[in-house]
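K.L.:
One structure, pasted below without further comment.
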Amino acid sequence: SSNPSREKMKLDITVSAKKREEMFTAVSFTPNNPTIYAACDDETLCSFGNEGDEESSPVNLSCHVTSISWFPPAGKTVVDMFAASCTDGTLRFFKKNGMLEKKIQAHDGAAICVEWNLDGSSLVTSGEDGEVKVWSRNGNLRTQLVTYPEPVYDISFSPSSTSLLLANSNKLIILPLASNKQKTLTWEACSSGVVTCCDWNNVSGLIVSGAEDCCYRVFDSFGLPLFTSNPHEHVITSVAWRPNSSLFAVGSYNVIRLCDKTGWTVCKNSISTGSIINCKWSSDGTQLAGACGGGSVMFAQLVDRTLEYGSITATLADPKRIEITDVTSSTAFDELDFPRDRVVEFSLGFDHLVVATATQCFIYESPNYNTPQIFDLRNPVNLIVLSPKSFAVVDTVLGVTVYNYEGRQLSSPRFQGLRPEFLSADHISLSHDIIAILDQTDFKTIRCFDVLTGRPLGNNGEIKHDQEISKIALSLYSTSSMDRKLVFIDSNRELFITPTAQLPGVPKKFAVQKLLTQVDTCAWNDASDLLACVADSRLTVYYYPHALYVDRDLLPRSTDSRDASSLGPNSTITSFFGNTVTVRMATGAVLTLAVPPHPSLLYEYASAGRFKDCVKLCRYVKSSPLWSTLAAMSIAGQDLESAQIALSAIKEVDKVSYMKYILSLPPGPLRSSAVMLYKRCPDEAESILLQSSPPMPYHAVKLNVGLYRWDRALSLASKHGLVPVLLAYRRKYLEDFQAKEDREGYLRAGREWDGDVEKAWEEKDRLKEE
């Protein structure tokens, strides 16, 4: 898995020291800056530091602000400007210092909400008059999208900025900005009252809403309900997705919750601030701010975020300190302090801890945490993805950058559809030699790059699918790109596997193969090519997925499948290390499941060429899936004697017979060709015979005769002067089946042949001897 650690966290909350008589109505973080701006109903704008201290005197705005939206950063350019909607129906543009730049009469009645799109090219407002309007960056009205009889209380852009999510009455509405491309989608989102707030996740495409019925709900982008909370004591007043994450915040009266996308509550904090009218996350997702009805501003730091890898636990105790604990030793405890900047992101796995602060990256190697490798960062980090030999850092300006664990930059993969601000751990995967990235402009395309050079692999490094893809994962065990496998789950919840490099004899169109349907989650093992999946209420572990390209009949037989109905729907495999699979249920509960240790031992022996020890292990365990795994491994490793023993153990009589025939052939092209034929690769088998030194055209013709590929056989025979021998075979075939010749090529060749079968058989014997 690209993100191997198990994770938990909570919010550390403080409240602004000075309490105001009027309520705060809106709050926002400045882009790439920890300053927090909050609008109060006394017509002032207050600024706070990330510790909650007021930075300067309040600025008089001369208006009652209902919503604030900062101009989004465009690459390295940051515009210190924000738009505000006001109760007098105006849309106003302010400088950072509170200076009014422009004032526009936008709505009849109050303007309730304002929101910039993701690239800052336009913004949208909604009001009590039920109108939704699109404005240019300079404040010119572009279009009035729609008018409803009821007010629109909240709006949010889709990840692609092509649609709007509206909270109107008791409904949620997805309104396309280009009406000719798709239809408006409307559904009920509360049982009583109105929908008060909503937000659209830029990474997963999930929607969260809160309503007056005191429930919050999670929907997919088609409006299908995924989760509905139990009714709370008070109305849900605000919701906000954490950037690049599957977590969201829910605010209500005196309560702030941090929840997972499946709905379960990660943590709940009770605070005496009144209703949290509006809440926003910082761009790096480490801080949360809330505008409170009691006249104060709430500040929350994401702390006690805990990652686990094997026996090592790393906990973000406070924003500038990480605690390391080894649970196997009572004395193994380290504290890592970062006095210069707060920790923005960190990741634990593969015996390394990588920590990104606002300006630096620290690389620690277990168990020595005293001498880290350090290098400077130009931009805040959104995501860190680890692999056994390297790690990738994602930020919104530079995109994806790969480093080794010595801190040296290896590559920076680039392509036109790279949208780093939307990448999540499910959309990027890293192995020893390959990095795979899901194209954010075309979710049907995966792009693969060489880790060392950053260049696309063969054929532009593209792997295309006919459905949108939701998760990708590269195998971690193999050290060669020829053996590397990539699995992905598409929008139909079907699991597919494909090699990252073209395998001998496997046409590109047949490289992508379906493994399972109704898949919730999957993960590769760290020390072998075991693949674990939760699908259709069963835990399925593929011992050797490469068997699909060796002998597809052996794939289902080399699989361990057991009932996992206790996991429930929407579970997630958080780690698969050794023989332990850790699964987080939709309820938030974490379960640990064991798989047999013997397949990992089989990989260890096979990688060292110790196939005799593999046979001994299988005889000791007496497991049919293990014997099937050994059969496929032995054929792939060219140890045909072990393959024959394994196939005998699982009673594959026809395969044993053919394996005995292969072993009777002399080592060299004939045997290699027969193995390729066993793998169902006839073109590759023929190519081996024709490219051998010296070439073996007779055996290539005989191979095609045995496969009844008569036209190809005639083509080869004509090229190499073997037509009489082929016609003798053809005559025997027709006599055996009491058929008449109906192929034009053979009729024409037969007219030119003298019909001497004996002479043809003598020539066959001579060629066979050669």
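K.L.:
Spelling out what I want: for every residue of region 213-219, take phi, set θ = phi - 60°, compute 6.51 cos²θ - 1.76 cosθ + 1.60 (Karplus), and round to whole Hz; glycine and proline get x.
P.N.:
Ordered by residue, 3J(HN,Hα) equals 7, 6, 10, 10, 9, 10, 10 Hz.
K.L.:
Taking a probe of 1.4 angstrom, what is the accessible area of GLU763 in Å², to the nearest 10?
P.N.:
For GLU763, the solvent-accessible surface is approximately 60 Å².
K.L.:
Once phi is turned into ³J(HN,Hα) by the Karplus curve 6.51 cos²θ - 1.76 cosθ + 1.60 with θ = phi - 60°, what whole-Hz value does each residue of region 47-59 show in order, with x for glycine and proline?
P.N.:
Ordered by residue, 3J(HN,Hα) equals 10, 10, x, 6, 8, x, 7, 6, 7, 8, 5, x, 9 Hz.
K.L.:
Once fully extended, how much extra length lies between VAL590 and LYS444, figured as 0.36 nm per residue of separation less the alpha-carbon to alpha-carbon distance?
P.N.:
Result for the pair: 49.4 nm of gain on full extension.
K.L.:
Check which residues have an amide H placed less than 5 Å from VAL235's amide H, if you skip close sequence neighbours.
P.N.:
TYR253
K.L.:
Also, I was wondering about something else. Just to check I understand the Karplus step: with θ = phi - 60° and J = 6.51 cos²θ - 1.76 cosθ + 1.60, what whole-Hz values come out for region 269-275, glycine and proline as x?
P.N.:
Couplings: 10, 9, 9, 9, 10, x, 5 Hz.
K.L.:
For ARG340 and GLU21, FRET efficiency with R0 = 35 Å and r from the beta-carbon atoms, rounded to 0.05?
P.N.:
Calculated value: 0.35.
K.L.:
A further question on this structure: Between the helical axis of 723-736 and the dominant principal axis of the chain, each derived from Cα atoms, what acute angle in degrees is found, rounded to the nearest 10?
P.N.:
Rounded to the nearest ten degrees, it is 90.
K.L.:
Tell me the accessible surface of ARG743 in square angstrom (1.4 angstrom probe, heavy atoms of protein chains only), to the nearest ten.
P.N.:
Probe radius 1.4 Å; accessible area of ARG743 about 80 Å².
K.L.:
Which order do you get for LEU45, LEU690 if you rank them by accessible area with a 1.4 Å probe, largest at the top?
P.N.:
LEU690, LEU45
K.L.:
Further question: On a 0 to 90 degree scale, rounded to 10, what angle separates helix 598-607 from the longest Cα axis of the chain?
P.N.:
Helix 598-607 sits roughly 60 degrees off the main axis of the chain.
K.L.:
Can you pull the accessible area of MET482 for me, 1.4 Å probe, Å² to the nearest 10?
P.N.:
Here the residue's solvent-accessible area equals roughly 80 Å².
K.L.:
Please list the non-local residues whose amide H lies under 5 Å from the amide H of THR196, H modeled 1.01 Å from N, same-chain partners needing a gap of 5 or more.
P.N.:
Amide H to amide H, under 5 Å and 5 or more residues apart or across chains, THR196 pairs with GLY210, ALA211, GLU212.
K.L.:
Here's something else I'd like to know. Does region 519-584 come out rounded, prolate or oblate, given a ≥ b ≥ c as the square roots of the eigenvalues of its C-alpha gyration tensor, rounded meaning a/c under 1.5 and, failing that, prolate meaning a/b above b/c?
P.N.:
The shape class here is oblate.
K.L.:
If you don't mind, there's one more thing I want to ask. Just to make sure I understand: if all protein chains stay in place, what is the order of SER528, SER565 by accessible area at 1.4 Å, largest first?
P.N.:
Of SER528, SER565, the descending order of accessible area is SER565, SER528.
K.L.:
Using 26 Å as the Cα-Cα cut-off, could you pick out the over-long pairs in LYS280/LYS389; LYS19/LYS96; LYS133/LYS280; LYS10/LYS96; LYS10/LYS261?
P.N.:
Too far apart for the 26 Å limit: LYS280/LYS389; LYS10/LYS96.
K.L.:
With viscosity set to 1.306 mPa s and temperature to 10 °C, compute the Stokes-Einstein D of the chain, Rh being the Kirkwood radius across alpha carbon pairs; µm²/s, no decimals.
P.N.:
Approximately 54 µm²/s, per Stokes-Einstein.
K.L.:
Using alpha carbons only, how many degrees (0 to 90, rounded to 10) separate the axis of helix 697-706 from the longest principal axis of the chain?
P.N.:
So the inclination is approximately 70 degrees.
K.L.:
Continuing with the same structure: Going 7 Å from the Cα of LYS102 along its beta-carbon direction, which residues of region 127-159 have the amide nitrogen within less than 11 Å of the resulting point?
P.N.:
Correct set: 135-142.
K.L.:
Can you give me the long-range amide H partners of THR35? Hydrogens built in the peptide plane at 1.01 Å from N, cutoff under 5 Å, separation of 5 or more residues or another chain.
P.N.:
Answer set, sorted by chain and number: THR30.
The values are calculated or read from the model by the stated rules, or taken from the named source; none is laboratory data. These numbers were taken from a predicted model, which means no experiment stands behind them. All Cβ positions, even for glycine, are placed from backbone atoms using ideal geometry, and neighbour counts span all protein chains on display. Side chains included, ligands, DNA and RNA excluded: accessible areas come from the protein's heavy atoms. Shrake-Rupley method; radii C 1.70, N 1.55, O 1.52, S 1.80 Å.
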